[in-house]
Amino acid sequence: MLIIDTKHGILKKYFPQPNETEITIPEHVRIIQKYAFAGCDNLYAVRMPEGVESIGAGAFRDCKNLLYLKLPESLNRISIEAFYHCESLGEINIPESVPSIHDSAFMNCKNLRRAVLPEKLERLGDRAFYGCTNLKTVKMPENLKYFGKQAFSRCSSLTSVTIPEGITHLENSEFYQCEQLHFALIPESMRYIRYDVFPQNTILHFYIRKQLFSIPFVSYYYADNIVNAMCQPEKPESIDIILRDFIQHNDAENLEKFLECGFVTDGKIDVYIQFAIEKQKYETQVVLMNYKHKHIGYEPKNWEL
């Protein structure tokens, strides 16, 4: 049984009936009030008509058996905890009319395997998809301006992610305990990544002056230093960190790419050659000396071998 304010188009409350597993919301409804369907674990399917504009806080919270739900194109608000712990929900397609997904909206939807976010989405709330342990794919919209705290924490099946251009900081465990996350593409707008954002096996991919650099997030001893130096490569101190780290780990491939980006001045190249010699990193030493010969010109020098 549905309790509806027909004058204002507000669905206030649903009271489940015996053996009722499906419900069709009447077409004159514009707002689904907070907690309207909360705890109704009898429901397997909800048919929502065009015209519904807002889903209130916790409206479908703990509908543990909800399998089928199609959101209407008229929808423009998904409130906090709207689908919290709808653990049977397998797929969600959020319409283009939704500018913001509020905090914990799909938190602990454990069987959610696919989420399609609208291209015009600007805000992804805190813990929006936290604990969606079967979520494998999600495409981040290019217009995203706010990336919420722990937005995808404990999404243990997520394998790859592309952070949209415009996001400048990741510092609140956004991908904490995403053990299968092996690939992350970082935009040039990024300026800071906290050490606990990504799991240990994630490879972060940076484009710097059209060159692709692939950096293991914690395989380097000072992972936070090298990652955040990659976020701001034009700072003098960042250049030094990147070069010394590449040399220290004998990463000849990335070192060569970085040198070709043109960040190293003529006066500095000898310093890094000497550093490579001291650390006995012969592959990177060769890269540095070849670069000097090609771009600066060879000058005899008494190296301290």
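The values are calculated or read from the model by the stated rules, or taken from the named source; none is laboratory data. The shown structure was predicted, so the numbers you read here are calculated from the model rather than taken from an experiment. Every residue, glycine among them, receives a Cβ derived from its backbone with ideal geometry; neighbour counts consider all protein chains shown.
Restricted to region 39-58, and to residues that are assigned to a loop (DSSP other than H, G, I, E, B) and either among the β-branched types (Val, Ile, Thr) or touching a strand residue (DSSP E or B) at 6+ places or on another chain (Cβ under 9 Å) (or both), which residue is nearest to TYR68 (Cα to Cα)? So, considering only residues that are assigned to a loop (DSSP other than H, G, I, E, B) and either among the β-branched types (Val, Ile, Thr) or touching a strand residue (DSSP E or B) at 6+ places or on another chain (Cβ under 9 Å) (or both), the one nearest to TYR68 (Cα to Cα) is TYR44. Restricting attention to region 21-32, which residues are crowded, with 19+ Cβ neighbours inside 10 Å and either over 14 Å from CYS63 (Cβ atoms) or outside the structural domain of GLY51 (by TED's automatic domain parsing) (or both)? Correct list: VAL29, ILE31. Scanning region 1-20 for residues that are exposed (fewer than 15 other Cβ atoms within 10 Å of the Cβ) and either in a loop (DSSP other than H, G, I, E, B) or in contact with a helix residue (DSSP H, G or I) (Cβ under 7 Å, 6 or more places away or on another chain) (or both) returns MET1, THR6, LYS7, HIS8, PHE15, GLN17, PRO18, ASN19, GLU20. Within region 232-273, the residues that satisfy the criterion of being of a type outside the set (D, E, K, R) and free of Cβ contacts under 8 Å to residues at least 12 places away in the same chain are PRO236, SER238, THR265, GLY267, VAL271. Taking PHE175, is it farther than 18 Å from ILE78 by Cα, surrounded by 15 or more Cβ atoms within 10 Å (Cβ to Cβ), modelled with pLDDT under 95 and out of contact with any Ser or Thr (no Cβ under 6 Å at 6 or more places or on another chain)? For PHE175, the condition - farther than 18 Å from ILE78 by Cα, surrounded by 15 or more Cβ atoms within 10 Å (Cβ to Cβ), modelled with pLDDT under 95 and out of contact with any Ser or Thr (no Cβ under 6 Å at 6 or more places or on another chain) - is not met.
Within region 276-288, can one find any residue that is of a type in the set (Phe, Trp, Tyr), without any contact (Cβ under 8 Å) to a residue 60 or more places away in the chain and buried (at least 22 other Cβ atoms within 10 Å of the Cβ)? Checked region 276-288: no residue is of a type in the set (Phe, Trp, Tyr), without any contact (Cβ under 8 Å) to a residue 60 or more places away in the chain and buried (at least 22 other Cβ atoms within 10 Å of the Cβ).
Quick one: would you say LEU212 is touching a His at 6+ places or on another chain (Cβ under 7 Å), surrounded by 15 or more Cβ atoms within 10 Å (Cβ to Cβ) and not in a helix (DSSP H, G or I)?
Answer is no for this residue.
Looking only at residues that are out of contact with any helix residue (DSSP H, G or I) (no Cβ under 9 Å at 6 or more places or on another chain) and at pLDDT 70 or above in region 274-305, which one is nearest to CYS261 (Cα to Cα)?
LYS294
All conditions but one from (1) outside any helix (DSSP H, G or I); (2) surrounded by fewer than 18 Cβ atoms within 10 Å (Cβ to Cβ) apply to VAL264; the one that does not is (2). Return yes when SER74 is over 23 Å from LEU181 (Cβ atoms), surrounded by fewer than 16 Cβ atoms within 10 Å (Cβ to Cβ) and small (Gly, Ala, Ser) and no when it is not. When the stated conditions are applied, SER74 passes them. Among the numbered conditions (1) modelled with pLDDT under 90; (2) touching a helix residue (DSSP H, G or I) at 6+ places or on another chain (Cβ under 9 Å); (3) among the charged types (D, E, K, R), the only one that GLU256 does not meet is (1).
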